[in-house]
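> Below is a structure I'd like to ask you about.
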Amino acid sequence: MSDDVRIESWLEDFVGKLLEHAGFDLWVEELAIGSDENELRLELGGPDAARAIGRDGQMLDALQYLVTAAAAHAGMSGRRILLDIEGYRKRREDRVREQAERAATEALERGEPFDLEPMSPRERRLVHLTVAGIEGIVTESHGEGDERYVRLLPKSK
Amino acid sequence: MQMKDLIEFMAKALVDNPDNVDVREIEGEQSSVVELRVSKEDLGKVIGKQGKTARAMRTILSAASTKIRKRAMLDIIE
């Protein structure tokens, strides 16, 4: 068995059992390679989708954190695992990207720094990547822990 | 579905010595305490950096306990 097949079957099995033990009526709908080949995306769906996402995605983050820790322990470190439930993260990502673009426009027009709301490391990375494609703006991260946010700065001419 | 089984399943996936994972559920009327014991060298694995793994387990446990309408707390015994 190739490594990829082994990892994928381990993941599908582990996530399925975890959901069952936690009492979520939810299942793995799709397992795919993500935006780069180091990322594995698991798309979950089912009647308990809203409960399993939780307020502000807290439950989903906890599930992802646990699956990532277990996967690292099972010997698959170096792969980023991304759990999503019925496109929740995907929608959130689109919103972050739009926010970043609007903030960049604002910062450029006013010629002043613009601070975004605190975000997860993954979302901050997305902001940096989005803004990297916009002329005249640089990004910095500030704050600690859960309060860490991205600041957009217009480049001084 | 048992909260004890959920904690045992998660803990065993994280530790080097799964045979030393010991989980007991102390049931009260409206709430219960799930006690988790692991070998000393595995303690860091179930707690995680800045307690993040323990926090994730507690969040997931809260989902399971809401489903059966009973509060559950996870106590990691050191």
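> From the square roots a ≥ b ≥ c of the eigenvalues of the alpha-carbon gyration tensor of chain B, which class results: rounded (a/c under 1.5), prolate (a/b over b/c), or oblate?
Here chain B falls in the prolate category.
> Let me ask something additional. Using the Cα atoms of chain A to build a convex hull, what is its mean projected area in square nanometres?
For chain A, averaging the hull's shadow over all directions gives 10.4 nm².
> Pairwise over distinct Cα atoms, reciprocal of the mean inverse distance: report the Kirkwood radius of segment A:3-86 in Å, one decimal place.
12.8
> How big is the gap, in Å, between the Cα center of segment A:27-44 and the Cα center of segment B:1-62?
27
> Mind checking which of B:Gln30, B:Ile7, B:Asn17 is farthest towards the positive end of chain B's charge dipole, using Cβ charges of +1 (Lys, Arg) and -1 (Asp, Glu) about the Cα centre?
B:Gln30
> Exceeding 18 Å between C-alpha atoms, which entries from my cross-link table qualify? They are A:Lys17/B:Lys45; B:Lys12/B:Lys70; A:Lys17/B:Lys12; B:Lys4/B:Lys67; B:Lys4/B:Lys40.
Too far apart for the 18 Å limit: A:Lys17/B:Lys45; B:Lys12/B:Lys70; B:Lys4/B:Lys40.
> Quick one: Debye curve from the C-alpha atoms of segment A:91-154, no solvent, what's log10 I(q)/I(0) at q = 0.18, 0.24, 0.25, 0.27 Å⁻¹?
So the normalised log intensities are -0.54, -0.96, -1.03, -1.18.
Read the figures in this text as sums done on the coordinates, not as results from a lab. Just so it is clear, the structure is predicted and the values come from calculations on it, not from any experiment. All Cβ positions, glycine included, derive from the backbone under ideal geometry; neighbour counts span all protein chains shown.
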